[in-house]
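> Handing you a structure now.
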Amino acid sequence: MMDFTELKKKQRATWALGEYDRIADGLTISTDQTLRVAQIHPGERVLDLATGTGITAIAARERGAVVTAVDITPELLSVARDKANKAGFGDIDFREGDVEALPFADATFDVVVSTCGHMFAPDQSKVAAELARVTRSGGRVVFLAWTPEGGLGGWFRITSKHFPSPAGVASPFNWGDPDKVKQLLGSAFRDITFTNGDCPQFGASPEDIWELFSTRYGPTIRAVASLQGDALLAFRSELLSYLAGYRAADGKVRWGREYLITRAVRV
């Protein structure tokens, strides 16, 4: 079995780069749809996995839930706490934690949600096992993941071409593939359903979106920092060409970011 300790240290550092909250601002559509699929009720105990800057946790709290949220990156949690306090929800329990080894007792939560953060944990079987462990019988897990054939899938394929992913690590986009999700969840869950959606990123030009992601989005910042000279120019050029394929008639870019929401009931 692979030891992902060092990889997760690098991931923690990667997500601390830039200003992820600027990226998260564009995810409101997908967060709202995820919580509508979850059908959260007031008073339910909700866990938000890989909360990032807390937009999903805050939205769940707005719906009356008792919310706990975990993330591996302390810098993002600091932003999340500040946002929650400003929104009047200082009672959200934000904790540093690993989605592969959650610091909670069995069957603690009525609902476990995640809006794409969980998909980047390297040991997907452990993530699935933890989802099952901390969700009560009859409780729900609802998570969003970017699809492999969608806009972010294409972005990451180009990034991996120029800045290869570590060998032996499963694709995070497995969580956006219904067949692979069913395999991961296994017999611990029933009534598995899928909902598709799109959360486009708008930009005045391909360069506009490149500027945002290359200076604010941790994985892209890390790739840029690792490349120099012609290698960096080639990376930038390929991404700009890719984004140009999403130009609308007015010349602006509507970069589709298709996603899959999974909803399943704990046996």
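> For every other residue with a beta carbon closer than 11 angstrom to the beta carbon of Asp198, add +1 if it is Lys or Arg and -1 if Asp or Glu, then tell me the sum. List each step's numbers first, then the result.
Details: positive: Arg254, Arg257; negative: Glu258.
With Lys, Arg at +1 and Asp, Glu at -1, the net is +1.
> Return the subset of Lys126/Lys161; Lys126/Lys180; Lys161/Lys182; Lys8/Lys126; Lys10/Lys161; Lys9/Lys182 for which the Cα-Cα distance in this structure is over 21 Å, preserving the input order.
On the way: Lys126/Lys161 27 Å; Lys126/Lys180 14 Å; Lys161/Lys182 28 Å; Lys8/Lys126 14 Å; Lys10/Lys161 19 Å; Lys9/Lys182 29 Å.
Lys126/Lys161; Lys161/Lys182; Lys9/Lys182, as the Cα separations exceed 21 Å there.
> With charges only on Cβ, +1 for K and R and -1 for D and E, what is the dipole size of the chain about its Cα centre, in debye, rounded to 20?
That gives the chain a dipole magnitude of about 300 debye.
> Beyond 13 Å, how much of the Cα-Cα pair distribution for region 174-228 remains, as a whole percent? Write down the numbers at each step before the final one.
Numbers: 1080 of 1485 pairs.
So the pairs more than 13 Å apart make up 73 percent of the total in region 174-228.
> Hey, another quick one. For labels at Gln228 and Lys86 in the simple 7 Å Cα→Cβ model, what's the distance in nm?
Inter-label distance under the simple model: 3.8 nm.
> Determine the distance separating the Cα centre of region 1-64 from the Cα centre of region 195-267; give it in Å without decimals.
Measuring centre to centre over Cα atoms gives 19 Å.
> Sum up the charges of everything whose Cβ sits under 13 Å from the Cβ of Gly26, counting Lys and Arg as +1 and Asp and Glu as -1, but leave Gly26 out.
Overall, the nearby charge balance is -2.
> Moving on. Could you give the nm distance between label points at Lys9 and Asp93, where each point is 7 Å from its Cα heading toward the beta carbon?
3.0 nm
> With point charges of +1 on the Cβ of Lys and Arg and -1 on the Cβ of Asp and Glu, referenced to the Cα centre of region 16-82, which listed residue (Val79, Ala24, His41) lies farthest in the positive direction of the dipole?
Going by the Cα projections, it comes out as His41.
> Provide the descending list of Cα extents for the chain along its principal axes, expressed in whole angstroms.
Between the extreme Cα coordinates on each principal axis of the chain lie 53, 43, 32 Å.
> Follow-up. How big, in percent, is the set of alpha carbon pairs in region 78-122 lying more than 15 Å apart? Present the calculation step by step, with values, prior to reporting the outcome.
Values: 577 of 990 pairs.
Every Cα pair in region 78-122 considered, those over 15 Å come to 58 percent.
> Here's something else I'd like to know. With a Förster radius of 35 Å, plug the Cβ-Cβ distance of Glu238 and Ala170 into 1/(1 + (r/R0)^6) and report the FRET value to the nearest 0.05.
Working: r = 24 Å, r/R0 = 0.69.
After rounding to 0.05, the efficiency reads 0.90.
> Let me ask something additional. Run the simple label-point estimate for Arg136 and His41 please: 7 Å along Cα→C-beta, distance reported in nm.
1.0 nm
> Using only DSSP helix segments of four residues or longer, with each worth -39500 (n - 2.57), what per-residue ellipticity at 222 nm results for the chain after dividing by its residue count and rounding to 500?
Details: 11 runs with 115 residues, N = 267.
About -13000 deg cm²/dmol.
> Continuing with this model, one more query. Once the Cα gyration tensor of region 1-74 is diagonalised, what are the square roots of 5 times its eigenvalues, in whole Å and ordered largest first, as equivalent ellipsoid semi-axes?
Values: eigenvalues 136, 49, 21 Å².
Ellipsoid half-lengths, sorted descending, are 26, 16, 10 Å.
> Using a 7 Å offset from Cα along Cα-Cβ at Thr28, what residues in region 41-79 end up with backbone N under 14 Å from the label point?
Only 55-56, 59 fall inside the zone, counting backbone N under 14 Å.
> Now for a separate question. Which value, in debye to the nearest 20, describes the size of the charge dipole of region 1-159 about its Cα centre when Lys and Arg Cβ atoms bear +1, Asp and Glu Cβ atoms bear -1, and nothing else is charged? Intermediate results must be reported in sequence, preceding the final value.
Working: 18 positive and 22 negative charges, 30 e Å.
My answer is approximately 140 debye.
> If you don't mind, there's one more thing I want to ask. Taking K and R as +1 and D and E as -1, what net charge do the other residues with C-beta under 11 Å from the C-beta of Pro122 add up to? Walk me through the numbers before you get to the answer.
Working: positive: Lys8, Lys10, Lys126; negative: Asp3, Glu6, Asp98, Glu100, Asp123.
Summing Lys and Arg as +1 and Asp and Glu as -1 gives -2.
> Still on this structure, please answer the following. Run the Debye formula on the Cα coordinates of region 41-158, all scatterers equal and no solvent, and tell me log10 I(q)/I(0) at q = 0.23 1/Å.
With one equal scatterer per Cα and no solvent, log10 I(q)/I(0) is -1.31.
Each reported figure results from applying straightforward, stated rules to the coordinates on display, with no laboratory input. This structure is a prediction, so every number in the text was calculated from the model and none was measured. Heads up, the Cβs are rebuilt from the backbone with ideal geometry, glycines too, and the neighbour counts pull from every protein chain shown.
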